[in-house]
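Since the structure comes first, as structure tokens, the remarks are kept for the end.
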Amino acid sequence: SDNTKEGFLSRMALNDNKAGMEGLDRDKINKIIMETSKGSRFYENELKKEQQVNQRIEKMMLQKAQITEQQLKKAQAQVERVALELERSRDLTRVIVHVDMDAFYAAVEMRDCPELKDKPMAVGSMSMLSTSNYHARKFGVRAAMPGFIAKKLCPNLVIVPPNFDKYRAVSDEIREIFADYDPHFQPVSLDEAYLDFTDHLEKRQSWPEIMFYYDSIAPFTLLGIAPNMMLAKVCSDKNKPNGQYVLPSTREAVMDFVQALPVRKVSGIGKVSEKMLNALGISSCSHLAQQMALLSLLFSETSWHHFMQVSLGLGSTYIPRHEERKSMSTERTFKELSKVEEQLSLCRELCEDLAEDMKKEDLKGKTVTLKLKNVNFEVKTRALTLQYAVATADEIFAVAKDLLKMEIENESPQPLRLRLMGN
DNA sequence: GCGGATCAC
DNA sequence: TATGGTGATCCGC
């Protein structure tokens, strides 16, 4: 858990996990990112969060140092029992497909404006980019990067404002096709879905011509084909751009595949989990399996059970029906807002927007949550659960207003200096 | 139930 | 000049 002596933060450095990032000058790119960010409030907050993660890791390492041989042995036995049980549940009979339209927004924009095809381009704004094409990726320009930094990396970058209605329309066309192959397919986002192809394959005995259709819409279409959802997701990432990867449905093929898999590739293991695992000497899923007894002592049951499933190449073999939503929210970022009257009227506006969205789905809710982010990027949420469900703007505002007033009071005589509000 | 964190897209 | 919005889940109170 060495600190940030290198001069840059692991949370901010270039994420070359994505495709199209091979063979570029990481050091040079990171230097530009850091120089552009340094000293900003955003950077300072990232630094603070990084320290917190480091502390978490230190705490974990202390715990590790206190583990006895005895405890480890007992844990090992437990781990082996669970592994046997999980092994019995292994099902290799399903054919699960994960479809991912790589650089989807950028691909749609290039389809509609062919001049963009030869240029580095990204969809988004100077504040934030949603995605970039492969020309731009060569410069280190990627999703979730602010446009003004991207411009430093690639001065000729063309930034196209997003047209979500258009992406939705394209997505709807594609989803109609999905439904032909699996009426129960699960959309993850506009450009991503899971399908169960098992029944389709039994009926037609052949692979569909699905790829050709996508090619006319979005040139980068990725298919991952595997016996479960976890593996299918990783497989679709395998042959970027524009490819497919089929993982055979045998235990041996699955285990070989998983051995070599870096933990960060697994959905659900993000930056922080990766860093914690790295601190324990774990970077690939084979390490994960080797260290499972230790992990069972350092992580929650939910966490290490998940790790265990991953290390065995197990995942969900049925695609869950789209479930009922559990929350609905709306939030907005703006220039500093410190006047109480302005904060209250913004809060009312947000409540009205939210009420409108809720009306569309005929929803009600019992818990009202207020979200605040100050100019230093520190986030706070304040919630209140009622005995009855509310739906109108007035009802929501009545609660949100009190939560907001409490926070203002709490800070006074200093004003709340906000950059974001949501509820 | 609450609040902070993590994660995915 | 400038670092998003939405939804879900988990952990430790």
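The values are calculated or read from the model by the stated rules, or taken from the named source; none is laboratory data. These figures come from a predicted structure and were not determined experimentally. Here Cβ is always computed from backbone atoms with ideal geometry, including for glycine, and neighbour counts include all displayed protein chains.
List of remarks:
- Only residues that are part of a helix (DSSP H, G or I) and over 30 Å from A:Ser296 (Cβ atoms) were counted in the range A:28-73, giving 18.
- Candidates are the residues of the range A:382-391 that are in contact with a strand residue (DSSP E or B) (Cβ under 6 Å, 6 or more places away or on another chain) and surrounded by 12 or more Cβ atoms within 10 Å (Cβ to Cβ); the one that is farthest from A:Lys360 (Cα to Cα) is A:Arg382.
- Some residue of the range A:141-154 being more than 14 Å from A:Asn15 (Cα to Cα) and assigned to a loop (DSSP other than H, G, I, E, B): yes
- In the range A:292-318, the residue that is farthest from A:Ile57 (Cα to Cα) out of those that are away from DNA strand C (no atom under 15 Å from the Cβ) and either part of a helix (DSSP H, G or I) or in contact with a Phe, Trp or Tyr (Cβ under 9 Å, 6 or more places away or on another chain) (or both) is A:Gly313.
- If the condition is being modelled with pLDDT of 85 or more and of a type in the set (A, V, I, L, M), then the range A:202-250 contributes A:Leu223, A:Ile225, A:Ala226, A:Met229, A:Met230, A:Leu231, A:Ala232, A:Val234, A:Val246, A:Leu247.
- In the range A:256-267, residue nearest to DNA strand C (Cβ to nearest atom) [restricted to those that are among the aliphatic types (A, V, I, L, M) and part of a loop (DSSP other than H, G, I, E, B)]: A:Val266
- Hits in the range A:296-349 - residues which are surrounded by 12 or more Cβ atoms within 10 Å (Cβ to Cβ) and of a type in the set (Asp, Glu): A:Glu331, A:Glu342, A:Glu349
- Within this structure, A:Asp353 passes the test of being surrounded by 13 or more Cβ atoms within 10 Å (Cβ to Cβ), among the acidic types (Asp, Glu) and without any contact (Cβ under 8 Å) to a residue 60 or more places away in the chain.
- Residue pairs whose Cβ atoms lie under 6 Å apart, separated by 6 or more positions or on different chains, with the first residue in the range A:190-201 and part of a strand (DSSP E or B) and the second near DNA strand B (Cβ under 10 Å from one of its atoms) and of a type in the set (D, E, K, R), are A:Glu192/A:Asp100.
Matching residues to (1) at pLDDT below 95; (2) touching a Phe, Trp or Tyr at 6+ places or on another chain (Cβ under 9 Å):
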{"site": "A:Asn374", "(1), (2)": "no, no"}
{"site": "A:Phe377", "(1), (2)": "no, yes"}
{"site": "A:Val390", "(1), (2)": "no, no"}
{"site": "A:Phe397", "(1), (2)": "no, no"}
{"site": "A:Ala400", "(1), (2)": "no, no"}
{"site": "A:Ile408", "(1), (2)": "no, no"}
{"site": "A:Ser412", "(1), (2)": "yes, no"}
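- Single residue of the range A:400-414 satisfying the filter (surrounded by 14 or more Cβ atoms within 10 Å (Cβ to Cβ) and not acidic (Asp, Glu)) that is nearest to A:Thr330 (Cα to Cα): A:Ala400
- Test result for A:Leu92, away from DNA strand B (no atom under 14 Å from the Cβ), within 27 Å of A:Ala193 (Cβ to Cβ) and in contact (Cβ under 8 Å) with a residue 60 or more places away in the chain: yes
- Some residue of the range A:367-384 being within 11 Å of DNA strand B (Cβ to nearest atom) and not in a strand (DSSP E or B): yes
- The number of residues in the range A:34-56 being in contact with a helix residue (DSSP H, G or I) (Cβ under 6 Å, 6 or more places away or on another chain) and away from DNA strand B (no atom under 14 Å from the Cβ) comes to 3.
- Condition met for A:Asp102 (under 26 Å from A:Leu222 (Cα atoms), modelled with pLDDT of 95 or more and either surrounded by 14 or more Cβ atoms within 10 Å (Cβ to Cβ) or more than 26 Å from the chain's Cα centre (by Cα) (or both)): no
- A count restricted to the range A:322-357 and to residues that are of a type in the set (Lys, Arg) and more than 7 Å from DNA strand C (Cβ to nearest atom) stands at 3.
- Given (1) in the same structural domain as A:Thr198 (by TED's automatic domain parsing); (2) within 16 Å of DNA strand C (Cβ to nearest atom), index of the condition A:Gly270 fails: (1)
- Criterion (within 16 Å of DNA strand B (Cβ to nearest atom) and under 30 Å from A:Asn228 (Cβ atoms)) met by exactly one of A:Ala103, A:Ala83: A:Ala103
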